1. Taking a label point 7 Å from the Cα of A:Ser41 along the Cα→Cβ vector, which residues of the stretch B:164-206 have an amide N closer than 16 Å to it?
2. Within chain A, which complete DSSP H helices have Cα atoms spanning at least 24 Å along the helix axis and a mean Kyte-Doolittle hydropathy of -0.5 or higher?
3. If R0 is 25 Å, what FRET efficiency do you get for A:Lys199 and A:Asp81 from their C-beta distance, rounded to 0.05?
4. Counting DSSP beta bridges with both partners in the protein assembly as shown, what percentage is antiparallel, nearest 5?
5. Can you tell me the FRET efficiency between A:Phe190 and A:Ile143 if r is taken as the Cβ-Cβ distance and R0 is 35 Å, rounded to the nearest 0.05?
6. In whole angstrom, note down how far apart the Cα centers of the stretch A:62-93 and the stretch B:8-46 are.
7. Between the stretch B:94-113 and the stretch A:184-247, what is the separation of their alpha carbon centroids in Å?
8. To the nearest 0.05, what FRET efficiency results for A:Leu29 and A:Asp158 with a Förster distance of 41 Å applied to their C-beta separation?
Amino acid sequence: MGGVGEKGQAAITDAMYFLLIVSGLCVFLFVFSASYGENVSRQINREFNAEFTASALKTILYSSTARDTTQSLYEYGAEIDYLLAFVKEDYSDDEKFSDEILVVLADDINAVMSPYSSANDYLFTIVVSEDRKYAFTLIHLSIFTFTDERSAEVSVSDPAHIDYICSSNGVTDRKKDILKTNVGNTAASFSKILLAKEKPALRDYTTIEAETELVVWNPKQLPSEIFNVGDWDCDDLEDIRANLSSP
Amino acid sequence: MLNRKGFIGPIGDDLPSLIPLIFALIIFFSTFSFALARYGQMTSSFENDLTVANISSILRGDSFITGPDDFSKKCSTLPVTKMKYVAGITNAMTAPEYFKKGMSDPSDYRGINVYDLKFVNNNVDEDDELDPDGYNNRDDDGDEDKDDDGDGNIDSEYRCANIEKSEELTFESSRNHNVVYRIYPIALQQNKVVRPMHLVVVAWAE
């Protein structure tokens, strides 16, 4: 009964318990350290996205443009004006943008967003504050489809991205909010600008407040209830450009 | 007592219990080393990211550069850092046709190449007009790297760095370094024309 042999068995059991406890704690330590810093990394990326978007919007609004839209900003002798002034002038006569201005604006936005545009989608809008009329809407989308049910394989279209210009009839605050809610994490930047409306009888202009917004998100397949070309009344930017250059 | 079966001794009986103990210690120290290495790696990565963010923020300002003096002033206020960095303004993505004029082989154009950075400079001709052909580091003879004052840096180049051009990162040397880069849109005023461009900041720790 009892005896020296039982002491060894107790020691091994103690050691086994010790091994079990240490293993458990080490698994916890391993899992914690493997995921250490991921939240901070994600936060840093979010900060960068927000800063990029804010800088992009400022750059777009500060930019100049050639008044002759067939010329470039770098051409010798081109007549240069601020893009916003050009836009304001075009809007003032009929309270809508001509196809020329649509293309100029879209090209400027796409040039500024170019380092980001291959891996991100974005939406740029100019809204008249008073009546919430979407005077300008550009949406840059990645076109891809999932080729299997588990969404593990993606087939990318050629071209991989399409730019749409949507008319004021098709875009509303509600549609935009639904889009922003359903595309996941977004980075957005917002600024007020001034447009003008002609008063021909008085040979004068009224200043109209408007808002510009740039929203950026990671590419996502958008079901038709979120975004639909027909519902938003959009045209392909390249089609608009082709119509401009055709006689 | 010594004749009892299975009896080795007071210490000998405890020897088998050393095996799980040693296993436990090995597991603990391995995991601890991994955690320490991971912590060091992430801390270094965050420091690098914060340094680049700080440099970018100072150079970017309000995303509007009024000229080379404005850029130089911002560059001179950058804090001393143990990371090596190169920052500058490029129109590689906003005006590719004009950017390619400054390349010896336009077919090599790949947009912004952080391992072969080419920045805008502020060459103006005798009428104080910005010369598009002299724009991207070519002087009037068509040679690259206009450097009249002979200080090794391209005149009026929108470049800010704490290293010489010869020390800049290449694709081969980047394999030994943890490279962090950021690109931001920026508006650059040249001769009263405000052109959209990009601020590129590349940094690496030795």
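Since every read-out is calculated from the coordinates, none of them should be taken as a lab result. Quick caveat: nothing in here was measured; it's all calculated off a predicted structure. Cβ placement follows ideal geometry from the backbone for every residue including glycine, while neighbour counts extend to all protein chains displayed.
1. Only B:178-181 fall inside the zone, counting backbone N under 16 Å.
2. The answer, listed by residue number, is A:4-34, A:38-62, A:99-117.
3. 0.65
4. Percentage antiparallel, nearest 5: 95.
5. Once the sixth-power term is evaluated, E becomes 0.80.
6. The stretch A:62-93 and the stretch B:8-46 have Cα centres spaced 69 Å from each other.
7. Centre-to-centre (Cα) distance: 31 Å.
8. For A:Leu29 and A:Asp158, the calculated efficiency is 0.25.
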